[in-house]
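Right, one structure below, let's go through it.
The values are calculated or read from the model by the stated rules, or taken from the named source; none is laboratory data. For clarity, every value in this text was computed on a predicted model and none was experimentally measured. So basically every Cβ, Gly included, is an ideal-geometry build from the backbone, and we count neighbours across all protein chains shown.
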Amino acid sequence: MNNLTDMNVLRDILQRHGFNFSKGLGQNFLINPSVCPRIAEMGNAKKGYGIIEIGTGIGTLTAELAKRADKVVAIEIDNRLLPILDETLQDFDNIKIINKDILEVDIVKLIDEEFDGKRVAVCANLPYYITSPVIMHLLESRADIDSITVMIQKEAAQRLCAEVGTRQSGAITVGVNYYGYAKILFNVSRGSFIPVPNVDSSVIKIDIDKDKRYGKIDEEFFFKVVKAGFSQRRKTLANSLSAMLGISKEIIYEILSDIGLNQAVRVESLTMDELVLFSEKLKNSLN
Ligand code: SAM
């Protein structure tokens, strides 16, 4: 098998197939040989596991995953890459490529149909233009996944892995903390890709909370509150929720004081436990 991170090999493949990078699809392919093996090893690509990959490019990470795991199902939106993958991944018989937009894939159904009861993990060098939607699509599916190990833009990684209740946190931080535990594994410089992007990257891992520690609350209402709060994060929580959800400030003040918080508090300073408690009390007071 050819070394897909070798610039000469890569250029030759792309040239022979007349392939031009699509900026719109976030196509920056890895050429740093150490990154894909590390993602695979830290991302649960091993015996007994089925791996879902998002965005194959020319198959550089796909091959490293397939060397280690029982099976890889890779979702790639760009059909121009299919003849390339036929060539680059020809040595493997445990890879299935699905030519689809990941946001349109039913993850629970895919796991059911493809992995025969195996444990499942997600690994990817994500297209950065849809980082948050893809991560939330995976988490909200509540599919039986052990972990999500993905390369994303460094700043996005810092936000995603921030502590809830600090200034770096956002709605996505709360989302990730609700479903699992996120941490940054390592950083990857922009020079590790072709074409070179304008940003550096980090690989993060989200271990899914299978015990669903917050899972008994009204999820839909909780995320409505979180989104409304963070959509106007510079305002006080009372102001943003009354403006966005039409809830009276008096009710909000009462609940805030009930849980020992100041009336002028902003959403970004509430911890995960405080957000959950606030949302549950608010919901009950509206019934
Ligand atoms: N895994 C390869 C690598 O590391 O070299 C390519 C990573 S590149 C950053 C992102 C890949 O995601 C591209 O191949 C792109 O075509 C694909 N992609 C973009 N949007 C997608 C979508 N909505 N669904 C599935 N794949 C997508």
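Residues being surrounded by 16 or more Cβ atoms within 10 Å (Cβ to Cβ) and in a loop (DSSP other than H, G, I, E, B): count how many of those fall in segment 255-264.
Step one: list which residues in segment 255-264 are surrounded by 16 or more Cβ atoms within 10 Å (Cβ to Cβ), which gives 255-256, 261.
When the remaining residues are screened for being in a loop (DSSP other than H, G, I, E, B), the result is 261.
Result for segment 255-264: 1.
For segment 31-51, the candidate set comprises residues that are of a type in the set (A, V, I, L, M) and more than 11 Å from the ligand (Cβ to nearest atom); within that set, the residue that is surrounded by the most Cβ atoms within 10 Å (Cβ to Cβ) is ILE51. If you check GLY55 against the conditions, is it within 17 Å of the chain's Cα centre (by Cα), crowded, with 19+ Cβ neighbours inside 10 Å, away from the ligand (no atom under 11 Å from the Cβ) and more than 23 Å from ASN8 (Cβ to Cβ)? Here the answer is no, as GLY55 does not meet what is asked. For GLN90, the requirement of being assigned to a helix (DSSP H, G or I), exposed (fewer than 13 other Cβ atoms within 10 Å of the Cβ), more than 8 Å from the ligand (Cβ to nearest atom) and not aliphatic (A, V, I, L, M) is not met. Taking segment 229-240, which residues are closer than 18 Å to LEU160 by Cα and surrounded by 15 or more Cβ atoms within 10 Å (Cβ to Cβ)? Answer for segment 229-240, where residues must be closer than 18 Å to LEU160 by Cα and surrounded by 15 or more Cβ atoms within 10 Å (Cβ to Cβ): GLY229, PHE230, ARG233. Summed over segment 32-86, residues that are touching a residue at least 40 places away in the same chain (Cβ under 8 Å), under 18 Å from PHE193 (Cβ atoms) and assigned to a loop (DSSP other than H, G, I, E, B) total 7. Exactly one residue out of ASN20, ASN28 is of a type in the set (S, T, N, Q), near the ligand (Cβ under 8 Å from one of its atoms) and more than 15 Å from PHE92 (Cα to Cα): that is ASN28. Of the residues examined, GLU250 is not one that is under 21 Å from GLY165 (Cα atoms), among the charged types (D, E, K, R) and either in the same structural domain as LEU277 (by TED's automatic domain parsing) or within 32 Å of the chain's Cα centre (by Cα) (or both).
Hey, can you tell me all the residues within segment 112-154 that are of a type in the set (A, V, I, L, M, F, W, C), within 13 Å of the ligand (Cβ to nearest atom) and more than 15 Å from ILE75 (Cα to Cα)? Of everything in segment 112-154, those that are of a type in the set (A, V, I, L, M, F, W, C), within 13 Å of the ligand (Cβ to nearest atom) and more than 15 Å from ILE75 (Cα to Cα) turn out to be MET151, ILE152.
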